[in-house]
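Reviewing the structure listed below.
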Amino acid sequence: MQAGGVILYPTDTIWGLGCDATNPEAVKRIYEIKKRVDSKALILLVDKDVKIQFYVDEVPEIAWTLLEVADKPLTVIYDGARNLAPNVIAEDGSVGIRITKEPFSHKLCERFRKAIVSTSANISGELSPRTFAEISQEIKDSVDYIVGYRQEDTKQAAPSGIIKIGKSGTVKVIRE
C-alpha cells in the first residue's frame, strides 16, 4: 500500500478492497476494479478515534458519544474532509470513517499509520461478498495482494451501520 498497491483483506465487517486513502492513483484503481463511478464516496478505516480528527475539520460532540455506545461496527459520515485523496471525498465534502476493532484490520491500520480505504470486494451493483469464497475471481485477479488471514472463515459477515452527522449535530441514519 505504501507504493500505491490495492489489497483484498478481511475487515471488521465484510471482505474489502483497500489502499492508501491519501493516494489518488491508488483510489482511482479501486474505482476501476469495482467498475464504479468515482462520484460515489468510499468508506475509510482507522485504528483509533484520534485519527478521525486528522481527516475531518470538526468532529461533532454527538459523534464521540455514538462511537462510544455503538455495539456493532459503525461508519460515521463527517462533513469537512481533509488530508485525503480528493477522489475519496464525496461531492459534498464529506467522508465516511469507521474505527475498526477487528484484530487484523486494526493492526493493519495501526501499522500503516494512515486511513485505509475499505469498500466491499465486489463489482459495483453486485452483491457484497459475505465470505472470502464469495469474492469473484475477477476481483481477486485485479488486486496486488490478497491477505491470507480468515480466508476459510464461513461466518456470514454483515456491513457496518452508517450514519451521517452534520456540523450542527444532526444525525441521519443511512444504513442500520
Range of Cα positions in region 6-88 per principal axis (Å), largest first: 36, 26, 19
Rough spin-label spacing in nm, given labels placed 7 Å along Cα→Cβ, for Glu91 and Arg36: 1.6
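With the Cα gyration tensor of region 70-176 giving a ≥ b ≥ c as the square roots of its eigenvalues, does the rule (a/c under 1.5 for rounded; else a/b larger than b/c for prolate; else oblate) give rounded, prolate or oblate? Don't jump to the answer; show the numbers that get you there.
Details: a/c = 1.69, a/b = 1.58, b/c = 1.07.
Prolate.
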Cα centroid separation - region 1-32 against region 44-109, whole Å: 16
Per-peptide average of other Cβ atoms within 10 Å, ordering 150-157, 168-175, 124-131 highest first: 124-131, 150-157, 168-175
Cα-based equivalent ellipsoid of region 1-143: semi-axis lengths in Å, sorted from largest, via gyration tensor: 23, 17, 14
Amide N proximity, region 35-63 versus Val171 label position 7 Å along Cα-to-Cβ, cut-off under 17 Å: 59-63
Net charge contributed by nearby residues that have their C-beta within less than 15 Å of Lys48 (K/R +1, D/E -1): +1
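Go through region 1-110 and name the trypsin sites (Lys or Arg not before Pro) that are in a DSSP coil and have 14 or fewer other Cβ atoms within 10 Å of their Cβ. Display every interim value, and only then the final one.
Details: sites: Lys28, Arg29, Lys34, Lys35, Arg36, Lys40, Lys48, Lys51, Arg82, Arg98, Lys101, Lys107; in loops: Lys35, Arg36, Lys40, Lys48, Arg82, Lys101.
Answer in residue order: Lys35, Lys40, Lys48, Arg82, Lys101.
Throughout, read-outs are computed from the coordinates displayed, never taken from laboratory work. Being a predicted model, the structure only gives us computed values, none of them experimental. Every residue, glycine among them, receives a Cβ derived from its backbone with ideal geometry; neighbour counts consider all protein chains shown.
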